[in-house]
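Down below is the structure, laid out as structure tokens.
The values are calculated or read from the model by the stated rules, or taken from the named source; none is laboratory data. Every value quoted in this text rests on a predicted model; they were computed, and no experiment measured them. For neighbour counting, all protein chains shown are included, and Cβ atoms are generated from backbone atoms with ideal geometry for every residue, glycine included. Ligands, DNA and RNA are stripped out before the accessible areas are found, and what is left, the full protein with its side chains, is counted by its heavy atoms. Shrake-Rupley method; radii C 1.70, N 1.55, O 1.52, S 1.80 Å.
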Amino acid sequence: WYMVSGILKSLESYFKYIINEVRSIIKDEGLKASRTRILVVWSIDPFEIRGDKTSTLSTLVEKLHDCVGDITTFNTMPYLQALRLEPGMKRGLPISADKDNIILACSKDDFELVFKIAKIERPEMKPIIIKANLPVEVMR
């Protein structure tokens, strides 16, 4: 029981850390919360037995809503599983052209993929890419 409560407390602390970092980036860049979109990118297998990652993602998104209203999630699993996209798959990141974009990449593979996609498919867009690890790394 003590281990579980310790893990939950550390997860809550990590969410607070991420939210504080996002708030400081918004403040440092002079962005307005109403004109900012946060894109949470995480490769989650929708068929995994336990739904831990899915519930963690929904909790993170819920907490980020306190900071910014426009939050979108993007699952990179189809990109990571296939060398090329199958017909009918959506291409690219759902980046907003009329808002400032902050991309929160939740794993190393997601960060590398987002960095490549942002450079190749949308070079005119200049999103702020955050690598959600300790310490947070920000790419502008």
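Per-structure values
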| read-out | value |
| --- | --- |
| Sequence ranges 97-103, 38-44, 22-28, ranked by mean other-Cβ count within 10 angstrom, highest first | 38-44, 97-103, 22-28 |
| Charged-residue dipole, Cβ positions (Lys, Arg, Asp, Glu), the chain about Cα centre, Debye nearest 20 | 240 |
| Computed [θ] at 222 nm, deg cm²/dmol, the chain (DSSP H ≥ 4; -39,500 (n - 2.57); rounded to nearest 500) | -13500 deg cm²/dmol |
| Kyte-Doolittle mean at least -1.0 and Cα axial length at least 27 Å: DSSP H helices in the chain | 2-29 |
| Percent accessible area from carbon and sulfur atoms, the chain, protein chains only, probe 1.4 Å | 56 |
| Burial order of peptide ranges 55-61, 11-17, 127-133 (average beta-carbon count within 10 Å, highest first) | 127-133, 55-61, 11-17 |
| Around Lys63: net Lys/Arg minus Asp/Glu count, Cβ-Cβ under 12 Å | -1 |
| Qualifying lysines (Cα of each under 30 Å from Cα of Lys126; at least 8 residues distant if same chain) | Lys16, Lys27, Lys32, Lys53, Lys63, Lys90, Lys99, Lys108, Lys116 |
| For q = 0.17, 0.18 Å⁻¹, Debye-computed log10 I/I(0) when each Cα of the chain counts as one equal scatterer | -0.98, -1.09 |
